[in-house]
Amino acid sequence: MNKKADRVISKVAPLCLISAILILWQIASSTGLVPGYMLPSPISVVKALINDAPLLADHAKTTLTESFLGLSTAIVMAFVTAGLMDRYLFLEKAVYPLLVVTQTVPTVAIAPLLVLWLGYGIAPKVVLVILTCYFPLTISLLTGFANADKDAINLMRAMGATRWQIFWHIKLKSSMNQFFSGLRVSASYAIVGAVISEWLGGLGGLGVYMTRVKKSFAFDKMFAVIFLICFISLALMKLVDLLEKKTMPWKYLKENGEERY
Amino acid sequence: MTTCRNNGSAARLSACHITKSFDGVTILDDVSIHLNEREIVSLLGVSGGGKTTLFNVISGLMKPDSGQVFLNGNEVTGQAGQISYMLQKDLLLPYDSVVDNVALPLLIRGAKKEEARAQAAAHFEEFGLAGMEYKYPSQLSGGMRQRAALLRTYLFSDQVALLDEPFSALDTITKGEIHRWYLDVMDRIHLSTLFITHDIDEAILLSDRVYILAGRPGRIAAEIAIDRARPRDREFTLSEEFLRYKRQILESMGMETKK
């Protein structure tokens, strides 16, 4: 009973706070405390969101495509490099510092270069998403591989398992937990990365739309896009959660209150 | 002292004159033990006495500094994957169902997933695990987990198994249950077993012979045969005979007993 109450509270509490903020914001706008050209009221943001829905959906499709292409490429690359780095110690020692250094290069700084090199199409956006997502994914996988149970590996060796079998049965499977925490971060990075790179020029996408409405001082539309981006990021994280539950059913056993035999 | 038996003898498994040191500290000094067909032999000694090191050498995970290991008369020194080995922890993989965990040695040997599952599932009844096939290890009790780990060990090799303190993590009551179950299963599956324990009662109850590994570096201090037919019941653990064995073991471990 108590647990149930806990769960209800943990869902209701944030909703209360968000509603309170929205109401205060609406009051501030309608009473003229904050002028509409500086901060549009929540209602006008929602109106903009509804009016522009078809246009926003179209731009969102472009951004999502870029994010998805970039994220999935980054996932594949992360698995390949982390796997190789785990297999060859020399490679790990050589590549790891380089990975860290690349992470210190600000995204905003490379984005214009990418546009210069790859044009205004989808390519520079996808590359930027890859660059932002690759690092957290690779690190989470490497950590996962390194933390695999040494005794379990010994047991596999005693059974005559090959390196590949040990990798598959122990390292890869036991690193899924780490991988999904990396993926959750990367999924939101992917959207933000795509939007930032769209700011710098492009033919479509939420970032392009954002720069357009900003230039025409349509702040209600601006806020509408920001809301939409937040919503997409949250939805993606939720998707990662669902994927995690599907991939790792054993992790969620206890929550279902199943008994032990 | 044990004589070393290799080629031409009846021993299933023998480790001959094993010496092993780490960083200049000798852990095992000229240790020789053997295991006959269908025997249950225990290796008794204090913690940190080199028991696990000896098992690592026998299983091929470590190479001895000198000495040889023979399995069915063939030398297998330093070769992993020949003798099944159950480590102290049950090491069931949390992300695989019980049947997939148990089938792991078959998969490693190259069996197809469905085949391996079917082959593993066929033994669930015998090992008292019926109905647990598609549970996850976290849903099993400690005793059940040990049974599953033992079945996995058995599926790797139905001839010789090394068990490193297989029951030490269980509470006394579960331990008693699993001992009875273990002796019962052993009578049916004819596995020759060498197991490590630091529990003297367990050693006497379960084994045909007991080796005592003592001292630093570790040497075989005594080899004691337990001449009591299996299956052994609980009465045995309360008998005079049992106490005599216990006294004999304590004395050879260098622990004084009051007469």
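The table below gives the values:
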item	result
Residues of segment A:176-202 classified as in contact (Cβ under 8 Å) with a residue 40 or more places away in the chain and either over 12 Å from A:LYS125 (Cα atoms) or not hydrophobic (A, V, I, L, M, F, W, C) (or both), total	18
Any chance B:ILE189 is assigned by TED's automatic domain parsing to the domain that holds B:SER42 and open to solvent by 20 Å² or more (accessible area, probe 1.4 Å)	no
Any pair with Cβ under 6 angstrom, 6 or more apart, that starts in segment A:234-250 at a residue that is assigned by TED's automatic domain parsing to the domain that holds A:ILE75 and ends at one that is aromatic (Phe, Trp, Tyr) and open to solvent by less than 60 Å² (accessible area, probe 1.4 Å)	A:GLU244/A:PHE180; A:LYS245/A:TYR252; A:TRP250/B:TYR95; A:TRP250/B:TYR136
Selection from segment B:94-152 of residues that are within 16 Å of A:LYS173 (Cβ to Cβ), among the aliphatic types (A, V, I, L, M) and in contact with a Pro (Cβ under 8 Å, 6 or more places away or on another chain)	B:VAL98
Test: residue in segment A:160-168 that is farther than 16 Å from A:GLY83 by Cα and within 14 Å of chain B (Cβ to nearest Cβ)	yes
Yes/no for B:GLU165 being in the same structural domain as B:ILE27 (by TED's automatic domain parsing) and in contact (Cβ under 8 Å) with a residue 40 or more places away in the chain	yes
Among the residues listed as A:VAL192, A:VAL108, A:VAL185, the single one being over 29 Å from A:LYS246 (Cβ atoms), surrounded by fewer than 23 Cβ atoms within 10 Å (Cβ to Cβ) and not charged (D, E, K, R)	A:VAL108
From the options A:LEU155, A:LEU172, residue that is within 14 Å of chain B (Cβ to nearest Cβ), under 30 Å from B:THR53 (Cα atoms) and surrounded by 24 or more Cβ atoms within 10 Å (Cβ to Cβ)	A:LEU155
Lone unmet requirement of (1) open to solvent by 40 Å² or more (accessible area, probe 1.4 Å); (2) within 30 Å of A:ASP220 (Cα to Cα); (3) under 22 Å from the mean Cα position of the chain (by Cα) for A:VAL80	(2)
Evaluation of A:LYS93 against (1) assigned to a helix (DSSP H, G or I); (2) closer than 30 Å to A:GLY207 by Cα; (3) open to solvent by 30 Å² or more (accessible area, probe 1.4 Å) (one fails), failing number	(2)
Segment B:67-123, subset out of contact with any strand residue (DSSP E or B) (no Cβ under 9 Å at 6 or more places or on another chain) and among the polar types (S, T, N, Q), residue farthest from B:THR52 (Cα to Cα)	B:GLN119
Any hit, segment A:24-41, residues being part of a helix (DSSP H, G or I), open to solvent by 90 Å² or more (accessible area, probe 1.4 Å) and not assigned by TED's automatic domain parsing to the domain that holds A:GLY204	yes
Filter result for A:LYS221 (within 14 Å of chain B (Cβ to nearest Cβ) and either open to solvent by less than 20 Å² (accessible area, probe 1.4 Å) or part of a helix (DSSP H, G or I) (or both))	no
Index of the failed condition, A:GLN178 passing every other in (1) within 14 Å of chain B (Cβ to nearest Cβ); (2) open to solvent by less than 30 Å² (accessible area, probe 1.4 Å); (3) not hydroxyl-bearing (Ser, Thr, Tyr)	(2)
Checklist (1) out of contact with any helix residue (DSSP H, G or I) (no Cβ under 7 Å at 6 or more places or on another chain); (2) surrounded by 22 or more Cβ atoms within 10 Å (Cβ to Cβ) applied to A:ASN147, failing item	(2)
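The values are calculated or read from the model by the stated rules, or taken from the named source; none is laboratory data. Keep in mind that this is a model prediction, so the values were computed, not measured. Reconstructed Cβ throughout: ideal geometry from the backbone, glycine too, with neighbour counts over all protein chains shown. Side chains included, ligands, DNA and RNA excluded: accessible areas come from the protein's heavy atoms. Shrake-Rupley method; radii C 1.70, N 1.55, O 1.52, S 1.80 Å.
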